[in-house]
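Working notes for the structure below.
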Amino acid sequence: MAQMEIDFSSKQQDIITRPFDHTLEANEGTPRSGKTTAGHFRYALYLSLTPDENHLIVAYNQEQAYRLFIDGDGTGLKHQFGQLAKVKHDELGDHLEIQTPIGTKKVYYKGGGKADSVKAITGMSLGSVVFCEINLLHMDMIQECFRRTFAAKMRYHLADLNPPAPNHPVIKEVFEVQNTRWQHWTIHDNPILTEDRKQEIYNTLVKNPYLFKRDWLGQRVNPQGVIYGMLDLDKHTEKTLLGKPYEMFFTADGGQSDATSVSCNIITRYRNKFKLNRVAHYYHSGAETGQVKAMSEYAKEIREFVRYCVDKYEMRYHNFFVDPACKSLREELRIVSLETRTADNNAKDLKGSSKGIEVGIERAQNVITNGQFYLVDDDKYDHYYFIKEAGLYCRDDNGKPIDKDNHSMDEFRYAVNYFYKRYVI
């Protein structure tokens, strides 16, 4: 493995080398603050010292657990241990097997965003747990993880998160309960960001008070500026589809460097009300992953996504709506035998004082508030990115929706428009 030379900030150096004398260490702060990189090196040191063999990294889904801490954009565990680490699988699941001076360590990586995630760790005995984006994990999974380490010889837990709302349950039920060492982070703690890049980020965030407080100052902020702040994951998530199915349809928004987002939606009749159920989500961001795909490749993957949904729910679909601006995606989908229609993007809408996308946003807010929208759990195509975008989608100082981090939000609006006009009005 090629050696990397990394300049750590003083805060990162302190975090990495401090004694392991707390049950939980929580790194909370802004995106791009360097907290996760410090966590990689901190945890690698711990694994080199602990006598315990089995350990766990948990994120919203298994893919994120691998991406955030096993790979970690080049500083994750597999890179730090190099040839001493191999990805393997045994009866307890996928893991990174690491050879250390004091013995073999197995670091399992699993998803923890769903109510039944605890099944994946039942019976496991662990020395430590890393919680990636702990505020997105299900509380049952978090608490079970702490129970799984009771017998550890060198018990340790590490969590990172961007600032949640001040009343988020993870604060009172986890941080204030455990023997916690809490560390605050901001962009200024990341030594690799140049002053020019910091200024660029500042210029973007300062336009919105909510994002400025959360993503620049690293403060916990009530989501008044978040457009879909009424979305409650406990209230609006179901394990299975409820009610009589009426129709399946798909909506999409996409681009090559921007994110491509496709959702499968099923309309049901439940308790004498029509419901819009978002049952599966395909999402890929070239900008976020650094892997830009051709539109033809997207089309093939989306075709597999559609087949998966049709087979799982044993339903046919007749409508596949795509953002009118995504002409190349529509053409590639046609080539792989997926016929599409242009989505209703609210371009011609006018309702009272609302016009354009505000009409669609108002409809979406209404179906959430009225209990007509649900996320339905799926093991393969879950709602991680939808949930992330829903937490970021907000308004600027002029009250206009910020056109950023909103691709699944846009195709969600297209789905709502179809549902609203066909089943609500």
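What the table shows:
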quantity: Kirkwood Rh (inverse of mean 1/r, distinct Cα pairs), the chain, angstrom; calculated: 22.9 Å
quantity: Candidates 128, 261, 328, ranked by Gaussian network fluctuation over the chain, Cα under 10 Å, top entry; calculated: 328
quantity: At R0 = 45 Å, FRET efficiency that the Cβ-Cβ distance of residue 425 and residue 88 yields, to 0.05; calculated: 0.25
quantity: Peptides ranked, highest mean first, by Cβ atoms within 10 Å: ranges 22-30, 212-220, 144-152; calculated: 22-30, 212-220, 144-152
quantity: Amide H within-cut-off set for residue 238, under 5 Å, with H built and near neighbours excluded; calculated: 375, 376, 377
quantity: Mean Cα-pair separation over length for the range 152-275, i.e. relative contact order, pairs under 8 Å, 6 or more apart, %; calculated: 19 percent
quantity: Relative contact order for the chain, counting Cα pairs under 8 Å that sit 6 or more residues apart, in percent; calculated: 15 percent
quantity: Kirkwood hydrodynamic radius of the range 10-195, from inverse mean 1/r over distinct Cα pairs, in Å; calculated: 16.4 Å
quantity: Length-normalised contact order of the range 1-120 in % [C-alpha pairs under 8 Å, at least 6 apart]; calculated: 25 percent
quantity: Normalised convex hull volume, the range 276-425, alpha-carbon set, Å³ per residue; calculated: 133 Å³
quantity: Gain in span if fully extended, residue 13 to residue 181, counting 0.36 nm per residue against the direct Cα distance; calculated: 58.9 nm
quantity: Full-extension gain in nm, residue 246 to residue 342, via 0.36 nm per residue minus C-alpha separation; calculated: 32.4 nm
quantity: GluC sites (Glu not before Pro) lying in DSSP loop within the range 336-425, provided at most 10 other Cβ fall within 10 Å; calculated: 339
quantity: Two-site label geometry, residue 328 and residue 294: point separation in nm, points 7 Å out along Cα→Cβ; calculated: 1.2 nm
quantity: Extension gain, residue 23 back to residue 193 (0.36 nm per residue minus Cα-Cα distance, nm); calculated: 58.1 nm
quantity: From phi via Karplus (6.51, -1.76, 1.60), per-residue ³J(HN,Hα) for the range 362-371 in Hz, x at Gly/Pro; calculated: 5, 4, 5, 4, 5, 5, 5, 4, 7, x
quantity: HN-Hα J in Hz across the range 412-425 - Karplus 6.51, -1.76, 1.60, θ = phi - 60°, x for Gly and Pro; calculated: 5, 5, 5, 5, 5, 4, 5, 4, 5, 6, 8, 10, 10, 5
quantity: Mean Cβ count within 10 Å, highest first, over the residues of peptides 157-164, 316-323; calculated: 157-164, 316-323
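Coordinate-derived values only; no laboratory data. Remember, it's a predicted structure, so these values are computed and weren't measured experimentally. Positions of Cβ are generated from backbone atoms using ideal geometry, with glycine treated the same way; all protein chains shown enter the neighbour counts.
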